[in-house]
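So the structure is just underneath, and the comments pick up after that.
Read-outs: derived from the displayed coordinates by stated rules, not from any lab. Being a predicted model, the structure only gives us computed values, none of them experimental. FYI the Cβ positions are ideal-geometry reconstructions off the backbone, even for glycines, and counts take in every protein chain you see.
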Amino acid sequence: MEFVQNNLLLIAVAFLSGGMLLWPFVRRSTGGPWVSTLDATRLINRKDAPVLDVRDPAEFAAGHILGARNMPLAQLGARAADLDKLKGKPVIVYCDGGSRASSAMPVLKQRGFAEVYNLTGGYAAWQQAGLPVEK
């Protein structure tokens with residue numbers, strides 16, 4: 001007990017660093033399933049998966065994944081019926097980093113989309129992988 005009292009700061013730092021190491025695993029368990037850029041290109045090429053960009057129109061206009069459709073998160077609930085013809089296909093959803101895409105996934109699943117995937121790393125990961133973009 002004396003060790004704990006004398007080294008309280010050290011123990012707090014150990015718990016904090018452990019939590020920081022676990023954070024990526026906790027984050028990946030939410031808003032999923034997640035797909036890498038490699039898996040996303042496989043879905044696009046083999047299953048003709050549509051790509052849905054849930055960023056704002058200005059962000060979309062600045063650059064987006066080749067062939068992606070823009071459906072801002074704020075409008076997704078109202079405009080989801082526009083996507084009904086895609087229900088039989090897997091859908092890849094992305095934003096800048098994954099948080100908005102994570103919010104979009106439950107909306108699409110409630111509309112009857114069986115296969116919805118969140119692109120790991122979002123648009124930045126796609127660009128970093130050197131995959132085709134439109135500007």
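Structure values in brief
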quantity: Surface/4 of the Cα convex hull for the chain, nm²; calculated: 10.8
quantity: Between helix 37-47 and the chain: long-axis angle, C-alpha atoms, 0 to 90°, nearest 10; calculated: 30
quantity: Peptides 82-92, 101-111 ordered by average Cβ neighbours within 10 Å, highest first; calculated: 101-111, 82-92
quantity: Rough spin-label spacing in nm, given labels placed 7 Å along Cα→Cβ, for Gln75 and Asn6; calculated: 6.5
quantity: Estimated distance in nm for a label pair at Asp39 and Lys85, the labels positioned 7 Å out from Cα along Cα-to-Cβ; calculated: 2.9
